[in-house]
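Please read the structure below before turning to the comments.
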Amino acid sequence: MLQLLLLLLLSSTSQQVSGYKKANACVCQLNSTMWLFPAQKFKYVLEEVHTCEESLNNLQEEVRTHPYAEKLHKHVNKMQTIDTVNMKTVKEKLRYLKNKLETCKSIPKDFRGMCVCLITNISDPITAKVSPFGKSCVSGSWGKQAQKESDGQKNSYWVQPLLSSHIWGNTVRLYQTYEDLMASTNHRDFTFASSYSHPNAIEGPSAVLYGKALYYNCYRSADVCRYDLETNEVKRVTLPGTGVGFNNKFPYCYYDCQLNSDIDVEADETGLWALYATIGNHGNLVISRLVWDSEVKSLNVTQTWETRLFKKATSNAFMVCGVMYATRYVNEYREEVFYAFDTATGKEDNSLAIPLEKVAKAVASLSYNPTNKQIYMYNDGYLLAYQVYF
């Protein structure tokens, strides 16, 4: 290539020069500079040649290394995939071991109570009534006294309406008997907060009456409140977990979400529970066991289990004999119990398909009562009750 360039540089075309006759001779003037060697031009061309050779060498090197780079890239991607799968497996094993540890902490041998197996069926509604606060009160919760050994309130029924934007409330209404509830007579209203935005006000359809107290999610917090019906005192406990969802971060959902249903307080044969989701558990449902210490007057969380069920993929949930059941939306007049998580074993079952009939679209709350084995639903302003079969 260099020789060719030199030939091109040194080659010249013939030129005709005019002359004149002088003393029988032809005389002409020549410019000898045209035959001088073009040093500057040669230097420039030489630099260009070196640059081209260097670029050519680099290109050849890239061509040779491309297959190796491609192979290395595929190998790295494979390693990344394997590491991700292994990490997920490790996390799942850690979650399982953690749940087993929680199960072994303080659960008595008869933890499963009177339940001998999973729920097999749920009846059609055996009670159907419009909320005493009117059909326009579409969100809230209701039920029967959930503690069997309760003094004085054994057969009482209660209704807790969310009167502010269908999200917040500060009162609960008690009826001494089922007949009083159905007739909407002989009731007593308890006010546990001075306003809907008071720290002790209720947020979301989460309440349950257990013993002498109402348990619920405290206003805009990750706390569960306990309102004592006799002393009017409110005690609270903060739920454990990284990034506990509240204020509509992890509500129950179907096509739409039930506003601010982040923290769900439930009761069963074994006691009190809180169902919620956390960022640390990727928005999946978390189950915490609640215990009221009457001696020191404090509400405590004793155990916590993490599930793999995404909370926003469920329309509601409830507890029966230490087993959490979750529902999903089927259509405007039917829900379906499709998932169960047993805190006694840490095992789950997502093959259930138990129908749950309703009269309207949205399910604000769903709670089981261990005293009569019935489920209570607050359904778009309707109060519905069902019988549970095992």
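The values are calculated or read from the model by the stated rules, or taken from the named source; none is laboratory data. Being a predicted model, the structure only gives us computed values, none of them experimental. Glycine also receives a Cβ, built like all others from the backbone with ideal geometry; neighbour counts cover every protein chain displayed.
Could you tell me which of the residues ALA385, ALA353 is over 20 Å from TYR216 (Cα atoms), surrounded by fewer than 16 Cβ atoms within 10 Å (Cβ to Cβ) and either at pLDDT below 95 or not aromatic (Phe, Trp, Tyr) (or both)?
On the way: ALA385 fails: surrounded by fewer than 16 Cβ atoms within 10 Å (Cβ to Cβ).
Answer to the check: ALA353.
CYS257 satisfies every condition listed in (1) under 21 Å from ALA362 (Cα atoms); (2) touching a strand residue (DSSP E or B) at 6+ places or on another chain (Cβ under 6 Å) except (2). For the range 307-320, check the following and say yes or no: at least one residue is over 21 Å from the mean Cα position of the chain (by Cα), buried (at least 23 other Cβ atoms within 10 Å of the Cβ), in contact (Cβ under 8 Å) with a residue 24 or more places away in the chain and farther than 20 Å from CYS257 by Cα. Yes; the residues of the range 307-320 include at least one that is over 21 Å from the mean Cα position of the chain (by Cα), buried (at least 23 other Cβ atoms within 10 Å of the Cβ), in contact (Cβ under 8 Å) with a residue 24 or more places away in the chain and farther than 20 Å from CYS257 by Cα.
So that you can scan it fast, the table gives a plain yes or no per residue for (1) farther than 25 Å from GLU306 by Cα; (2) at pLDDT 65 or above; (3) not hydrophobic (A, V, I, L, M, F, W, C):
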{"position": "GLU47", "(1), (2), (3)": "yes, yes, yes"}
{"position": "LEU59", "(1), (2), (3)": "yes, yes, no"}
{"position": "THR65", "(1), (2), (3)": "yes, yes, yes"}
{"position": "LYS100", "(1), (2), (3)": "no, no, yes"}
{"position": "LYS105", "(1), (2), (3)": "no, no, yes"}
{"position": "PRO108", "(1), (2), (3)": "no, no, yes"}
{"position": "ILE119", "(1), (2), (3)": "no, yes, no"}
{"position": "ILE126", "(1), (2), (3)": "yes, yes, no"}
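Within the range 134-163, no residue that is more than 18 Å from ALA385 (Cβ to Cβ) and surrounded by 24 or more Cβ atoms within 10 Å (Cβ to Cβ) sits with its Cβ atom under 8 Å from a residue that is among the acidic types (Asp, Glu) and modelled with pLDDT of 95 or more at 6+ positions apart or across chains. On inspection, ARG289 fails the criterion of being crowded, with 19+ Cβ neighbours inside 10 Å, in contact with a Lys or Arg (Cβ under 7 Å, 6 or more places away or on another chain), outside any loop (DSSP other than H, G, I, E, B) and basic (Lys, Arg). Residue count for the range 173-223, restricted to those that are of a type in the set (S, T, N, Q), farther than 14 Å from GLU233 by Cα and in contact (Cβ under 8 Å) with a residue 12 or more places away in the chain: 8.
Say whether the condition of being buried (at least 23 other Cβ atoms within 10 Å of the Cβ), polar (S, T, N, Q), under 31 Å from the mean Cα position of the chain (by Cα) and outside any loop (DSSP other than H, G, I, E, B) is met by at least one residue in the range 168-184. Within the range 168-184 (the criterion being buried (at least 23 other Cβ atoms within 10 Å of the Cβ), polar (S, T, N, Q), under 31 Å from the mean Cα position of the chain (by Cα) and outside any loop (DSSP other than H, G, I, E, B)), the answer is no, since none of the residues qualifies.
Determine whether the range 334-348 contains at least one residue that is in a loop (DSSP other than H, G, I, E, B) and either aliphatic (A, V, I, L, M) or at pLDDT 95 or above (or both). Yes: the range 334-348 contains one or more residues that are in a loop (DSSP other than H, G, I, E, B) and either aliphatic (A, V, I, L, M) or at pLDDT 95 or above (or both).
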